[in-house]
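Heads up, the thing below is written out as structure tokens.
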Amino acid sequence: MVGKNPENISALQTDQTKALVRNLDFFYGDNHALKDINMPVYANKVTALIGPSGCGKTTLLRCFNRMHDLYPGNRYKGEILLGEDQKQSNILSKQVDPIEVRMNIGMVFQKPNPFPKSIYENIAYGLKIRGHSRSFIDDKVEYSLRNAALWDEVKDRLQDLAVNLSGGQQQRLCIARAMATDPEIILFDEPTSALDPIATLSIEQLILELKDQVTVLIVTHNMQQAVRVSNYTAFMYLGRLIEFDTTAKIFAKPAVKETADYVSGKFG
Amino acid sequence: MKSESAKDVHKLIAWAKLWQAGFIILGVLSLLVGIVTLVALLADMFIKGGPLISWRFFTSFPSRNAEEAGILSAWVGSLLVMFVTALAAIPLGIASGIYLEEYARKNWIADLIEINVANLAGVPSIIYGLLALGLFVYAFHLGDTVLTAGLTLAILVLPVVIVTTREAIRAVPSSIREASYALGSSKWQTIRSHVLPYGMGGILTGVIVALSRAIGETAPLITIGALTFIAFLPDSPVQSQFPYISFAWLMSPFTVLPIQMFNWVSRPQPEFQLNAAAAGVVLVGMTLLVNGLAIYLRYQFRKGIKW
């Protein structure tokens, strides 16, 4: 299983590791949802998590920002090491406050979930809780909206309610909101599953542009999407990581039979 | 043969429709019992009491003389008592609701508290009167004052405020909470900046429904010893001399509208019955006003809130 020893993939060695998942198990109560996951996340690359429904890809994604801590009965075992090789720290450690993790790792959800506040307030919220000054926030709101290709559409109505935007605009706003706080990694949980094809295209375009600034981890149901946006792909099945490799390799000549069956549409 | 069976079917259908028509008539009649009674009651009250409502009625104290009697001390008393009730019940109820819904660990103690809070809302109000008599009047020596009355009604409506607060904040979807947490918010920041503001419409509705219940309560206030004949006003909260604000009104004896009504109804002279009807009209009017305010506030708060 290639996934077991990602360090051995020769083609990948020029890319820097941003995070490393090591021997990760995850439990929803008694339900053993993730089993011995090992994989790297490379800096300033897009890594896609694919697999059939219930394979654990969203569960794995939500380990990265300790979202599971919000609900009782969830348990992690193993490590997700974050940072440069010298100062890697395990973000799953009980000594690490999940709030601190979420300060560094942003997230965009399946369904656009802007706050029922103004467009401005949506972006400003994350900055406010970090204690930034008013003028800094003003600048950052504009910068983030430009960055998310939304500025021209909303610059004259920053005080309007965000929920009145279209679905695609709302999702770009959510991306701008997550990016405004300069995260190290941004997590996307099927960000286009609630959007029409044109809005999907604009989100995908945005993800491709974002990777210069941030490391991207994206869960997707859509294999074409994984091909279009990602550099690396992890194929998961029944809570295990079956194969991790470059996206080109996973889709062109996967090493494992299950991967081949899935990407060729034989199951899933 | 065939036409005969078709006839049978038609007969069956006709019977079924007849039964249905019967039930509809029964339903309408049942409904009318409630509606007609209510309308008759209100109409009777308005016809009897309506003509008596005048500026004089609002600005006169009660009197031995039915024509001179008014509700000044009663409506001022109701207003002051409501003010104390709101001031006590709103923060206590909302804080308890937030704690129970967001922070309390979900175990058997929480379940027990939840069942008790729900049951408290159904406890007869006179029981609260007895509790208040023992606690505020005898133990704390607060006397039969505006303060005691306000606190008594606050305890009475507290369960309603707690339950509606919980329902209102439970209605804030988890996707919104997760959006807040994902940005690095603490739990309190999430509650403070999102859950509470988005649930505020529902919370306010609950608060006002609670207050409109409190405004009509009589039994617990009689239990604590409210006077039925008050021919003076409590000290004004605003004074012309330093320090301009006075809290003496809190310790003043009081009466409220329903007690004034009760007092008039229990008199033998028929003229006082008319006064009671007029006070009833004012009480109904006040309740409608409060409920109207609730609807308006809910509309205002929910205008911008969609998920």
* Structure fact -> Filtering segment B:180-195 down to residues that are open to solvent by 10 Å² or more (accessible area, probe 1.4 Å), assigned to a helix (DSSP H, G or I) and within 8 Å of chain A (Cβ to nearest Cβ) yields B:Y181, B:Q189, B:S193
* Asked: Can you find a residue in segment A:157-167 that is more than 24 Å from A:A226 (Cβ to Cβ), part of a strand (DSSP E or B) and modelled with pLDDT under 95?
  -> yes
* Evaluate the following for A:G73: is it open to solvent by 40 Å² or more (accessible area, probe 1.4 Å), under 18 Å from A:V219 (Cβ atoms) and more than 9 Å from chain B (Cβ to nearest Cβ)? => no
* **Any helices (runs of 4 or more DSSP H) falling wholly within segment B:1-112 and containing at least 1 residues that are under 22 Å from the mean Cα position of the chain (by Cα), in contact (Cβ under 8 Å) with a residue 40 or more places away in the chain and on the phi > 0 side of the Ramachandran plot** => none
* **Some residue of segment B:39-62 being touching a Ser or Thr at 6+ places or on another chain (Cβ under 8 Å) and more than 30 Å from B:R166 (Cβ to Cβ)** => yes
* Asked: If we keep just the residues of segment A:77-104 that are open to solvent by 40 Å² or more (accessible area, probe 1.4 Å) and within 17 Å of A:D25 (Cβ to Cβ), which is nearest to the other protein chains (Cβ to nearest Cβ)?
  -> A:K94
* **Candidate set from segment A:106-122 (those that are farther than 18 Å from A:D138 by Cβ and outside any loop (DSSP other than H, G, I, E, B)); member that is nearest to the other protein chains (Cβ to nearest Cβ)** => A:M107
* Structure fact -> Taking segment A:241-261 and keeping residues hydroxyl-bearing (S, T, Y) and within 18 Å of A:V46 (Cα to Cα) leaves A:T246, A:T247
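Every residue, every condition in (1) assigned to a loop (DSSP other than H, G, I, E, B); (2) touching a Phe, Trp or Tyr at 6+ places or on another chain (Cβ under 6 Å); (3) at pLDDT below 90, yes or no:
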| residue | (1), (2), (3) |
| --- | --- |
| B:P197 | no, no, no |
| B:G201 | no, yes, yes |
| B:T205 | no, no, yes |
| B:S212 | no, no, yes |
| B:T228 | yes, no, yes |
| B:A231 | yes, yes, yes |
* Structure fact -> Apart from one, (1) farther than 30 Å from A:H221 by Cβ; (2) surrounded by 20 or more Cβ atoms within 10 Å (Cβ to Cβ); (3) within 13 Å of chain B (Cβ to nearest Cβ) all hold for A:V141; the odd one out is (3)
* Asked: Restricting attention to segment A:186-202, which residues are within 12 Å of chain B (Cβ to nearest Cβ) and either assigned to a loop (DSSP other than H, G, I, E, B) or aliphatic (A, V, I, L, M) (or both)?
  -> A:I186, A:L187, A:A194
* Filter segment A:245-268 for residues that are among the basic types (K, R) and assigned to a helix (DSSP H, G or I) and give the result. => A:K249, A:K257
* Asked: Which pairs have Cβ atoms under 8 Å, sit 6 or more apart or on different chains, and link a residue in segment A:187-206 that is at positive phi to one that is open to solvent by 60 Å² or more (accessible area, probe 1.4 Å)?
  -> A:E190/A:Q110; A:E190/A:H221
* Qualifying positions in segment B:161-179 - among the small types (G, A, S) and buried (at least 23 other Cβ atoms within 10 Å of the Cβ) -> B:A168, B:A179
* To do: State whether the residues of segment B:142-153 include one that is within 19 Å of B:Y99 (Cβ to Cβ) and either assigned by TED's automatic domain parsing to the domain that holds B:L80 or in a helix (DSSP H, G or I) (or both).
  => no
* Flag for B:L158 being outside any helix (DSSP H, G or I) and surrounded by 19 or more Cβ atoms within 10 Å (Cβ to Cβ) -> no
* Only one of these conditions is not met by A:G126: (1) buried (at least 24 other Cβ atoms within 10 Å of the Cβ); (2) under 18 Å from B:Q189 (Cα atoms); (3) touching a helix residue (DSSP H, G or I) at 6+ places or on another chain (Cβ under 6 Å). Which number is it? -> (3)
* Within the group A:H32, A:H68, which residue is within 14 Å of chain B (Cβ to nearest Cβ) and either in a strand (DSSP E or B) or open to solvent by less than 40 Å² (accessible area, probe 1.4 Å) (or both)? -> A:H68
* **Selected residue (only one of B:S180, B:S185, B:S174 is more than 19 Å from A:L173 (Cβ to Cβ) and not β-branched (V, I, T))** => B:S174
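The values are calculated or read from the model by the stated rules, or taken from the named source; none is laboratory data. A quick note: this is a predicted structure, and the numbers were derived from the prediction, not measured. Heads up, the Cβs are rebuilt from the backbone with ideal geometry, glycines too, and the neighbour counts pull from every protein chain shown. Ligands, DNA and RNA are excluded from the accessible area calculation, which covers all protein heavy atoms including side chains. Shrake-Rupley method; radii C 1.70, N 1.55, O 1.52, S 1.80 Å.
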